[in-house]
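The values are calculated or read from the model by the stated rules, or taken from the named source; none is laboratory data. Just so it is clear, the model here is predicted, and its values are computed rather than measured. Cβ atoms come from the backbone with ideal geometry, glycine included; neighbour counts cover every protein chain shown.
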Amino acid sequence: MAERQYLVDDLTLNESWRIFQIMAEFVEGFSVMPEMSPAVSVFGSSQIKPQSVTYKTTEKLAKLLVKAGFNVISGGGPGVMEAANKGAAEAGGKSVGLHINLPNEQQPNDYANVRLNFNYFFIRKVMFVKYAVAYVIMPGGFGTLDELFESLTLIQTHRIRSFPVILMESEFWGGLVEWMQKTLLQRKTIQDPDLDIFRVVDTPEEAVAIIKRRVIV
């Protein structure tokens, strides 16, 4: 019994000290990220290869965003994140990589000219939302869906200001959107205006045009 109590107390001690690491990550983010404004967060799969259409589309998108007066924020890793940072850096913009430390995974890419490292996903997501004027969501997996639905939820519940949320590549996102329409909407777990929070487009030019209409730089 004494040994069990010791283990519980030890866990409590470790958790208490973790607060300071959480605070440190918030402080660093709050110190650096305001200088990145106005910025667009670009999300997508880390598995996308440089020779793929999605990679090249993301790279072009980032270049167009910089030319339109925006900086670019990505997750700082490979795939779509690398393409976003590469395009922004090559166009002369601030190319922000919010890198997450994961065991045996995701290495930071070489194109972020501003980089922050995080141990906690929830802090990293705060930085994505708080300092972005728009989201562009490229094809991706669970992490991309997490970031997409968190933004939709925050806008839906008026916890953050409404900003453009754009899904790129209708072929990829079409099935999900159809499920929202035929299942979520029909079962009344969402309402009609909720589907207006996001737009689906197929070209970087469309995405940038939407952002420029909604955001004053």
Residues that are under 17 Å from T203 (Cα atoms), of a type in the set (S, T, N, Q) and modelled with pLDDT of 95 or more: does the range 31-42 have at least one? yes
Top-ranked residue in the range 163-189 [being touching a residue at least 24 places away in the same chain (Cβ under 8 Å) and of a type in the set (V, I, T); ranked as surrounded by the most Cβ atoms within 10 Å (Cβ to Cβ)]: I166
Spot the failing condition for L102; the list is (1) surrounded by fewer than 20 Cβ atoms within 10 Å (Cβ to Cβ); (2) closer than 20 Å to L148 by Cβ; (3) in contact (Cβ under 8 Å) with a residue 24 or more places away in the chain, and only one is missed. (3)
Any residue that is among the basic types (K, R), over 17 Å from the mean Cα position of the chain (by Cα) and modelled with pLDDT of 95 or more - is there at least one of those in the range 122-141? no
Using the structure shown, decide if N71 is under 24 Å from F30 (Cβ atoms) and modelled with pLDDT of 95 or more. yes
So which of G79, G92 is at pLDDT 95 or above, at positive phi, small (G, A, S) and surrounded by 13 or more Cβ atoms within 10 Å (Cβ to Cβ)? G79
Residue count for the range 34-53, restricted to those that are under 16 Å from the mean Cα position of the chain (by Cα) and on the phi < 0 side of the Ramachandran plot: 12
Which residues, counting only those in the range 95-118, are over 16 Å from the mean Cα position of the chain (by Cα) and over 18 Å from K60 (Cβ atoms)? L102, P103, N104, E105, Q107, D110, N113
(1) touching a strand residue (DSSP E or B) at 6+ places or on another chain (Cβ under 9 Å); (2) of a type in the set (A, V, I, L, M, F, W, C); (3) not in a helix (DSSP H, G or I) all hold for I190 apart from (1)
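Applying the selection to the range 122-142, what residues are without any contact (Cβ under 8 Å) to a residue 24 or more places away in the chain and closer than 18 Å to P78 by Cβ? Lay out the reasoning, then the answer.
Initial filter on the range 122-142 (without any contact (Cβ under 8 Å) to a residue 24 or more places away in the chain): 122, 142.
Selection gives F142 alone.
Could you tell me whether any residue of the range 104-112 is among the charged types (D, E, K, R) and assigned to a helix (DSSP H, G or I)?
The initial filter retains those residues of the range 104-112 that are among the charged types (D, E, K, R), namely 105, 110.
Cutting the leftovers down to assigned to a helix (DSSP H, G or I) gives us none.
No: the range 104-112 contains no residue that is among the charged types (D, E, K, R) and assigned to a helix (DSSP H, G or I).
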